[in-house]
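Below is one structure, written out as structure tokens; the observations come after it.
None of the figures in this text is laboratory data; all of them are computed from the coordinates on show. This structure is a prediction, so every number in the text was calculated from the model and none was measured. Neighbour counts run over all protein chains shown; Cβ positions are idealised from the backbone, glycine included.
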Amino acid sequence: MPTTPTGQTQSEELSDALTDALDAHKQATEEIKEVAEELGVVHAVLDNRIPDDVHHEDVGIAIARTDELEKRLNESVKVLEEATDALEQEVKAQQATDGETR
């Protein structure tokens with residue numbers, strides 16, 4: 001089996017690259033989840049704790065925007081989770097292939 005300048009086979013390097021990508025996806029997904037949760041809290045505070053008679057136009061816009069951003073972040077989390085699942089399956093398939101060829 002041909003090796004690369006690092007001494008690894010191309011399959012091992014691909015597996016390492018996939019594993020690194022998977023780790024990055026998992027980390028990004030968790031960070032986006034945390035931001036979405038924090039944004040949800042901010043939205044709830046703005047929406048529930050500011051009396052209607054005190055609402056300024058800017059506050060109303062901020063409340064609507066936080067709600068919109070929270071929804072967009074949650075959609076991004078779903079996309080990242082699906083991509084992470086696909087990467088996990090690919091890493092497992094690659095590792096199984098590597099195990100069979102050794």
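Keeping to segment 72-98, report how many residues are of a type in the set (Gly, Ala, Ser) and more than 30 Å from Glu38 (Cα to Cα).
Summing the residues that are of a type in the set (Gly, Ala, Ser) and more than 30 Å from Glu38 (Cα to Cα) in segment 72-98 gives 2.
Being surrounded by 11 or more Cβ atoms within 10 Å (Cβ to Cβ) and within 12 Å of Ser15 (Cβ to Cβ) is the filter here; which residues of segment 78-102 pass it?
Correct list: Leu87, Glu90, Val91, Lys92, Ala93, Gln94, Gln95, Thr97, Asp98.
Output the residue which, of all residues in segment 18-71 that are small (Gly, Ala, Ser) and surrounded by 13 or more Cβ atoms within 10 Å (Cβ to Cβ), is nearest to the chain's Cα centre (by Cα). I'd like the intermediate steps shown before the answer.
Of the residues in segment 18-71, the ones small (Gly, Ala, Ser) are 21, 24, 28, 36, 40, 44, 60, 62, 64.
Then keep just the ones that are surrounded by 13 or more Cβ atoms within 10 Å (Cβ to Cβ); that gives 21, 28, 36, 40, 44, 60, 62, 64.
On the way: Ala21: 11, Ala28: 4, Ala36: 11, Gly40: 17, Ala44: 23, Gly60: 29, Ala62: 25, Ala64: 24 Å.
This residue is Ala28.
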